[in-house]
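The values are calculated or read from the model by the stated rules, or taken from the named source; none is laboratory data. Small disclaimer: the values here were computed from a predicted structure and weren't measured. Backbone-built Cβ (ideal geometry, glycine too); neighbour counts: all protein chains shown. Note: accessible area is taken over every heavy atom of the protein model, side chains too, but ligands, DNA and RNA are not part of it. Shrake-Rupley method; radii C 1.70, N 1.55, O 1.52, S 1.80 Å.
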Amino acid sequence: MTKTFQKTEQISPLQKQRAAYQPKLPSSLKQGIKNLKIVEGETTTAAENIDEIKEIFPNLFGSKVITFEPGNSSVEQKTINVGVILSGGQAPGGHNVIAGIYDALKEANPENKLIGFLGGPAGIIDADYIEIQGDYLDGFRNTGGFDIIGSGRTKLETEEQFEKTLQNCKNLNVSAVIVVGGDDSNTNAAMLAEFFRKKDEDTQVIGVPKTIDGDLKNGQIEISFGFDTATKLYSELIGNIQKDSNSAKKYWHFIKLMGRSASHIALECALKTQPNITLISEEVKEKNMSLEQIIDYMADIIAKRAEQGKNFGVALIPEGLIEFVPEMKQLISNLNDQLAECENKQEYNVMQGWDTKIAYIKGLLRNANSDLFNSLPKSIQIQLLLDRDPHGNVQVSKIDTEKLLTEMLQEKLKKMKENGEYNGKFSTQEHFFGYEGRCAAPSNFDADYCYSLGYNAFALVQFGLSGYISSVRNLTKPADEWIAGGIPLTSMMNVEKRHGKQKPVIKKALVELDAAPFRKFCENREAWAAGENYIYPGPIQYFGPAEVADITTETLQLERNF
Ligand code: FBP
């Protein structure tokens, strides 16, 4: 059944003002879609597992990085239909990507059409779509959400899905598909592009880097869209909580922050707000820290503050932490393998109630994993057994890591009190900031960046490219100086184990422990732990001086040495 998407008729005064905002473009694209020339750069390979990636993508592998410059386009302006898919988790700015594609496509030829596939990749498989018309789109410009066409997490991977996609593109006369997504969705895009090439079909596939998690980046993709807005919004909330905590002086606030794997969001928010404790999953992994050691680290800070009469504070916990604790990672990997096998086991599928399932799974786990699983609260055991997402990921947003840590801290501090090592009060509040930020109205940075990414994605289509991701860089400079182009998706790929099998996927960009953002955090965290160096970033500013309205993330500025 076709899904319905409608623009809301009631709009707020802010939406009204934002509707009038004209996003900025890099000067190379500002000359217009018909005044572009393509400059070829280096030939690429793969992020890792080069031989395997070459074998899986024989048609795409080894393409060149490209950049756009103003010039005379040699492209013949045929009338074309372009399809767009919003894929995976929502991220602020998705609507502006669509606006950028639409404006470029109509500028190239007013007869061109933009087809929006509904509900994510499933829309292209099931031919569930709308034609995106100008007046419909206008209601979504500069707004948050993916509600213009919806999103979904279906993984395009079977031959049958590819065949259906191809057939639907042919039926709709769609000659290019733009996939707006994170690492998994752009992996889908690469697989689809390779399939079309293998079949000698001209249909093109272009990706756009989206995810609030910030883990889809490299030399050419400086940031994924949505990260800027989401971290600004979470930082505003953290700033408010810090003020509350410092006013009442009676609670420790534990805030879990989204970011399924990487801790970029937690690190960015820490740099913006300077809380007392921030855990960074990548450091936990590097130091091979057990859950017990993490608790010791946190308890030490809590006890030291208590000695000064400060029984309050704020701690940030990255959502993906659990998978980075080496002992938990082993347990999860063992669970993933067992659950993948259980999927086909009738006896497991008919089991009623969690107690029976937990007991059954315990019997299948290896010794150390079984002991660790046994030591976890039942609520966490259940959360670890929940279905994986279609890409084989544990749904970490459903695991109450913040509650697990506070429960373990209660125990630890009780023991420390008995031993005379702690004499404070430990009263906690737990929060999870994730969904609150994914559909926020895009900051000026994300509004501009997304519009540019969309416009640029159409430029890649116009030049007949496929298997590329839209790239706009030099982002700490004013938009005028941004550099637009494309990088081959295969250059970002490696091979990882998913659903118990080795699969080609885009390599996740984790927090680098020797890079400037983490180094700055390390230099300051002791002082932040002891004091109240809290920074109050306040709400996202859409209007006003550029130094508050147009700045981008601390992470990007530090990474690019500003
Ligand atoms: P993407 O990688 O698709 O951008 O999604 C990221 C994310 O927002 C994670 O931070 C979070 O763990 C996950 O989506 C939640 O997924 P869902 O929306 O399916 O609950």
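Quick one: Karplus J couplings for the range 404-416, per residue in order, coefficients 6.51, -1.76, 1.60, θ = phi - 60°, nearest Hz, x for Gly and Pro?
So the Karplus estimates, Gly and Pro as x, are 4, 5, 5, 4, 5, 5, 4, 4, 4, 5, 5, 5, 4 Hz.
Using +1 at the C-beta of Lys and Arg and -1 at the C-beta of Asp and Glu, which of 255, 21, 396 has the Cα lying farthest in the positive direction of the dipole of the chain?
Farthest towards the positive pole: 255.
Kindly write out, for the range 185-199 in residue order, the coupling ³J(HN,Hα) from the Karplus curve 6.51 cos²θ - 1.76 cosθ + 1.60 (θ = phi - 60°), rounded to whole Hz, with x marking Gly and Pro.
Here the 3J(HN,Hα) series is 5, 6, 5, 3, 4, 5, 4, 5, 4, 5, 4, 4, 5, 4, 8 Hz.
Would you calculate the separation in nanometres between label points at residue 199 and residue 20, each defined as 7 Å from the Cα along the Cα-to-beta-carbon direction?
4.8
Taking amide H atoms as placed 1.01 Å from N in the peptide plane, list the residues 5 or more away in sequence, or in a different chain, whose amide H sits under 5 Å from that of residue 41.
Here the answer is 65, 66, 67, since their amide H atoms fall under 5 Å of that of residue 41.
Among 547-555, 343-351, 362-370, how do they line up by average Cβ neighbours within 10 Å per residue, starting with the highest? Before the final figure, lay out the partial values.
Numbers: 547-555: 18.6, 343-351: 11.0, 362-370: 13.7.
Result, highest mean Cβ count within 10 Å first: 547-555, 362-370, 343-351.
Calculate how many DSSP beta bridges within the chain are antiparallel, expressed in % of all such bridges and rounded to the nearest 5. Display every interim value, and only then the final one.
Values: 23 of 57 bridges.
Beta bridges within the chain, antiparallel portion: roughly 40 percent.
If you take every residue apart from residue 473 with its C-beta less than 12 Å away from the C-beta of residue 473, what net charge results, scoring Lys and Arg +1 and Asp and Glu -1?
Once all neighbours under 12 Å are counted, the net charge is 0.
At a Förster distance of 41 Å, what's the computed FRET efficiency of residue 111 paired with residue 349, Cβ-Cβ distance as r, to 0.05? Please report the intermediate quantities before stating the final value.
Values: r = 52 Å, r/R0 = 1.27.
Efficiency, from the Cβ-Cβ distance: 0.20.
Let me check against my output: what whole-number percent is the relative contact order of the range 429-562, with C-alpha pairs under 8 Å and at least 6 apart?
21
Mind listing the long-range amide H neighbours of residue 204? Cut-off is under 5 Å, sequence gap 5 or more, other chains count too, H placed in the peptide plane at 1.01 Å from N.
Long-range HN contacts for residue 204: 176, 177.
If packing is taken as the average count of other Cβ atoms within 10 Å, what order do 85-94, 117-126 fall into, highest mean first? Numbers along the way, then the final one.
Numbers: 85-94: 30.7, 117-126: 24.6.
Highest to lowest by the protection proxy: 85-94, 117-126.
Could you tell me how many degrees, from 0 to 90 and to the nearest 10, lie between the Cα long axis of helix 264-273 and the main elongation axis, the longest principal axis, of the Cα atoms of the chain?
Roughly 70 degrees between the two axes.
Let me check against my output: what whole-number percent is the relative contact order of the range 439-493, with C-alpha pairs under 8 Å and at least 6 apart? Walk me through the numbers before you get to the answer.
Values: 49 pairs, mean separation 16.1, N = 55.
Normalised by residue count, the contact order of the range 439-493 is 29 percent.
Could you give the length gained on full extension between residue 549 and residue 341, defined as 0.36 nm per residue of separation minus the Cα-Cα distance, in nm?
Working: separation 208, 0.36 × 208 = 74.88 nm, distance 5.13 nm.
This chain segment gains 69.8 nm when fully extended.
Could you look at the chain and say what percent of its accessible area is carbon and sulfur, using a 1.4 Å probe and all protein chains? Provide the component values of the computation, followed by the final result.
Details: 10450 of 22970 Å².
Solvent-exposed carbon and sulfur of the chain make up 46 percent of the total.
Give me the distance in nm between label points sitting 7 Å out from Cα along the Cα-to-Cβ direction at residue 74 and residue 423, one decimal.
8.2
Explain nothing, just the number: dipole magnitude of the chain about its Cα centre with +1 on each Lys and Arg Cβ and -1 on each Asp and Glu Cβ, in debye rounded to the nearest 20.
Numbers: 62 positive and 75 negative charges, 151 e Å.
Its charge dipole is roughly 720 debye.
Counting alpha carbon pairs within less than 8 Å and at least 6 residues apart, what relative contact order, in whole percent, applies to the chain?
24
If you place +1 on the Cβ of every Lys and Arg and -1 on the Cβ of every Asp and Glu, how big does the dipole about the Cα centre of the range 427-486 come out, in debye to the nearest 20?
Working: 3 positive and 6 negative charges, 41 e Å.
Here the size comes out at about 200 debye.
Distance between the C-alpha centers of the range 308-346 and the range 100-175? Whole Å please.
36
Report, please, the projected area of the range 271-340 averaged over directions, based on the convex hull of its C-alpha atoms, in nm².
On the way: hull surface 22.9 nm².
Across all orientations, the range 271-340 yields a mean hull projection of 5.7 nm².
What does the highest-first list of 461-467, 136-142, 53-59 look like by mean Cβ count within 10 Å? Write out the running numbers ahead of the final one.
Details: 461-467: 22.3, 136-142: 19.1, 53-59: 17.3.
Packing order, densest peptide first, comes out as 461-467, 136-142, 53-59.
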